[in-house]
Amino acid sequence: MSAILSIRKLVVNFETPRGLLSAVRDVSLEIEQGSSVGIVGESGSGKTVMSRAAMGLLSGSTVRREGTVMFDDKELTAMRADEVRDQFGTGMAMIFQDPMTALNPVRRIGSQLSEGPRVRLGMDKKAARARSIELLSLVRIPDPEAMLNKFPFQLSGGMRQRVMIAIALACKPKLLFADEPTTALDVTVQAQILQLLSDLRREMNMSMVLVTHDLGVVANHTDFVAVMYAGEIVEQAPTTELFSNMKMPYTEALLKSIPKIDSASGARMAVIEGRLPDPTDRPSGCGFAARCSYVQDKCRTEHPPLVDAGNGHLYRCWYPLGHTIGRK
Amino acid sequence: MRNLFAQMNLLSKLSAVWMALMTALAVFGWLIPLPDPREYDPEASAAGLFSPGHLLGTDAGGYDLLSNVVNGARTSLLIAFISVGFGGLVGSAVGIIAAYRRGRLDYLVSTGFNILLSIPNLVLGLALVAVLATSSDPSVPIASNRRVIIIIIALTVVIIPILGRIARGATLTWINREFVVAARSMGMRDKDIIVRHIVPNVLPAIYSVLFLAVGVVIVAEGALSLLGVGVVDGVSWGAMIARVAGEFTYAPQSMYVPVVVVALTVIACNQLGDFLRGRLDLREGRI
């Protein structure tokens, strides 16, 4: 299998009045054709910036991006802005976190949905309408024709996210970035949307990058996982390998902080104490040292490199977990 | 349209009716059999309201006031609508593009807007008219038609920064919305994003300010006339006020009539602008 997206030494910095803010530091990641890759980390760990930078969606005069991104054997980072744009929609597409803000409030669903097919695929009005109806049925929306004439505010959150997915899939992308697609939705709808994404991915033979902070989601819907912390990948492995042979204390802490239905009533929920290091002033040692329960002196002074544990399993820790943790 | 009218309160309804009436007078007023606005009636100088043959009376020179109001509506509203329409179009386009592009263009444009806005409307209009309305031969007065065009240009320049700043500000609030990023992630061109995603959201803010701007321009036209650089020798509301300014005590109705018409029109514009803003803001609240 070849990689559809390959990110090499990606660095993203933002210029701020307080100095350079390093959001993504030296991230390398391969996304295999047809696979589903999860990117996990807490808020502020750089997941969203990393995925947007990989697509080339970050704009603004304060953004500094380095490294190379290859998509479909073409080097995105060497392309002009309009050449990158030609990759969007048909090559790569993105689903956004909040379906409340990702739809234009003053335009009907039909016109927003037919935009992609009309502009990117050059369809006429009639063909684009037919395609819109087809897309709405694809994302299991009942009575798609009536939906075309509605405004976003007339829809529930779950319905809006389905519409967002339909828009992203409109031009049959080869790679779909789903940036926390279910964070703004309630739990029952989350499960439906994730199942829908997994089904569609298989039906359309699409690759997917699933950005989330929920390891449970990753366990069920991905083939490969990269855990991000403070702008770096701290552990990456095939999903089954990760859950059976966890090396990184941060990954373990993330897993422990998922509330469990069978924990004793009144028991305190496990949390990761402290917070992410200041992105304008990164510590010299391991970024997680201040919060790690296994921390040693070396962790505070020396930055751990990525270590290869075999089977595609990489981790960034001086004292990896030796024991095996069962899945869930 | 009828729906919109039904939602208005009484004051807004009256305003809408008044503006419709004025617009109708401007377009079809010449069909009404009235005395020529520029021909004086030697037998009825300074006639009071409701005099025979002169419904609103005449001024000290014997000019029929109703005829001047009706025919003046054409010039005054033409100036107002064209300069606001054109100034609004140019201002909004520049404001939206500057906000979308950011960087140096935005810096230059907003600095330009701020400089223009720092000069009072009337002073700016006066300066522009003074510069533009110089004829090469001082003994030949500038034709009335050319004066109208010059005033339209001057007032357009006054309107551009007003609308431009509103459009720029409104664009900045929408530009970072996810649906703009989403449109980019679908491979939409900047032009399409602006036309399809930014403009429909910015328009409500612009509509209401457009009405306010019409009021500003009507007042400015009157003030320029009063200062002697308006359509002094032509037929407009401002010209009516300017012509009688000296003989106000002799025939007071000749001042009251145009002033009341101008005032009612400006109030109607402001009222409609407020109504539209309240009406269109709802959408944002309902997201």
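Neighbours of A:Q296 by Cβ distance under 15 Å: Lys/Arg scored +1, Asp/Glu scored -1, total +2.
Across segment B:57-286, counting alpha-carbon atoms alone, Rg and Dmax equal 20.6, 71 Å.
Amide H to amide H, with H built 1.01 Å from N, A:E32 comes under 5 Å of A:I4, counting only residues 5 or more places away or on other chains.
Cα-based values for segment B:200-287, radius of gyration first and Dmax second, are 17.2, 60 Å. Net charge in the neighbourhood of A:L148 (other residues with Cβ under 11 Å of its Cβ; Lys, Arg +1, Asp, Glu -1) is +1. Net charge dipole, segment B:57-286: roughly 1080 debye, given to the nearest 20, about the Cα centre with Cβ charges of +1 for Lys and Arg and -1 for Asp and Glu.
Is there a simple number for the mean count of other chain Cβ atoms within 10 Å of the Cβ of residues in A:82-90, and what is it?
On the way: counts 3, 0, 2, 7, 1, 1, 6, 6, 2.
Counting other chains' Cβ atoms within 10 Å and averaging over A:82-90 gives 3.
Could you give P(r) for segment A:230-271, binned at 5 Å from zero, as whole percent values over all Cα-Cα pairs? For segment A:230-271, the binned pair fractions read 5, 19, 24, 19, 16, 10, 6, 1 percent.
Find the eigenvalues of the gyration tensor of the Cα atoms of segment B:40-125, then list the square roots of 5 times those eigenvalues as equivalent ellipsoid semi-axes, largest first, in whole angstrom. Write out the running numbers ahead of the final one.
Values: eigenvalues 446, 36, 10 Å².
So the three semi-axes of segment B:40-125 are 47, 13, 7 Å.
Per residue, the protein assembly as shown reaches -16000 deg cm²/dmol at 222 nm when only DSSP H runs of four or more residues are counted, each adding -39500 (n - 2.57).
Once the trypsin sites (Lys or Arg not before Pro) in DSSP loops with at most 15 neighbouring Cβ atoms within 10 Å are cut out of chain B, the longest remaining piece is B:190-287. Couplings 3J(HN,Hα) for segment B:55-69, derived from phi with the Karplus relation 6.51 cos²θ - 1.76 cosθ + 1.60 (θ = phi - 60°), are 4, 9, x, 10, 8, 4, x, x, 7, 6, 6, 4, 4, 5, 5 Hz, where x marks Gly and Pro. Give the shape of segment A:16-128 as rounded, prolate or oblate, defined through the alpha-carbon gyration tensor: a ≥ b ≥ c are the square roots of its eigenvalues, a/c under 1.5 means rounded, and otherwise the shape is prolate if a/b is larger than b/c and oblate if not. It comes out prolate by the Cα gyration axes.
Of the cross-linked pairs A:K126/A:K172; A:K47/B:K191; A:K74/A:K126; A:K74/A:K125, which ones have a Cα-Cα span greater than 24 Å in the structure shown? Flagged as over cut-off: A:K47/B:K191; A:K74/A:K126; A:K74/A:K125.
Comparing A:T68, B:W30, A:L29 along the charge dipole axis of the protein assembly as shown, the residue lying farthest to the positive side is A:L29, per the Cβ-charge model.
Using only Cα atoms, what Kirkwood radius does chain A have, in angstroms?
Kirkwood hydrodynamic radius for chain A: 20.9 Å.
Apply the Kirkwood formula to segment B:1-52: the hydrodynamic radius equals the inverse of the mean of 1/r over all pairs of different alpha-carbon atoms; give it in Å with one decimal.
14.2 Å
Taking a straight Cα-Cα cut-off under 16 Å and skipping sequence neighbours fewer than 8 places away in the same chain, the lysines within cross-link reach of A:K256 are A:K247, A:K328.
Note on chain A: with charges restricted to the Cβ of Lys and Arg (+1) and Asp and Glu (-1), its dipole about the Cα centre is near 680 debye. What translational D, rounded to a whole number of µm²/s, comes out for segment A:170-211 from Stokes-Einstein when the hydrodynamic radius is the Kirkwood one over Cα pairs, at 25 °C and 0.890 mPa s? The estimated diffusion coefficient comes to 228 µm²/s. If you take the alpha carbon atoms of segment B:141-265 and fit the smallest convex hull around them, that volume is 114 Å³ per residue.
Within 10 Å of each Cβ of A:103-113, how many other protein chain Cβ atoms are there on average? Display every interim value, and only then the final one.
On the way: counts 5, 12, 9, 12, 5, 0, 0, 0, 2, 6, 0.
If you average over the peptide's residues, the count of other-chain Cβ atoms is 5.
Here the relative contact order of chain B, from alpha carbon pairs under 8 Å that lie six or more residues apart, stands at 25 percent. Provide, for q = 0.13, 0.24, 0.27 Å⁻¹, the log10 of I(q)/I(0) from a solvent-free Debye sum over equal Cα point scatterers in segment A:253-321. Listed by q, the Debye log ratios stand at -0.51, -1.09, -1.21. Against chain B, whose longest principal axis comes from its Cα atoms, helix B:103-118 is set at around 30 degrees. Here the protein assembly as shown is treated with +1 on each Lys and Arg Cβ and -1 on each Asp and Glu Cβ, and its dipole about the Cα centre works out to around 940 debye. Shielding value for B:173-179 is 5, the average number of Cβ atoms from other chains within 10 Å of each residue's Cβ. With only the Cα atoms considered, the protein assembly as shown has a convex hull volume of 214 Å³ per residue.
For segment A:58-117, the list of trypsin sites (Lys or Arg not before Pro) that fall in a loop by DSSP and count at most 10 other C-beta atoms within 10 angstrom reads A:R80. What helices does chain A hold that run 24 Å or longer along their axis, going by alpha-carbon atoms, with a Kyte-Doolittle average of 0.0 or more, using DSSP H for the helix calls? Answer set is A:187-204.
Values quoted throughout were computed directly from the atomic coordinates according to the rules given, and no laboratory measurement underlies them. Computed from a prediction, not measured in an experiment: that's the story for all the values here. With ideal geometry, Cβ positions are generated from the backbone for all residues, glycine too; neighbour counts draw on all protein chains shown.
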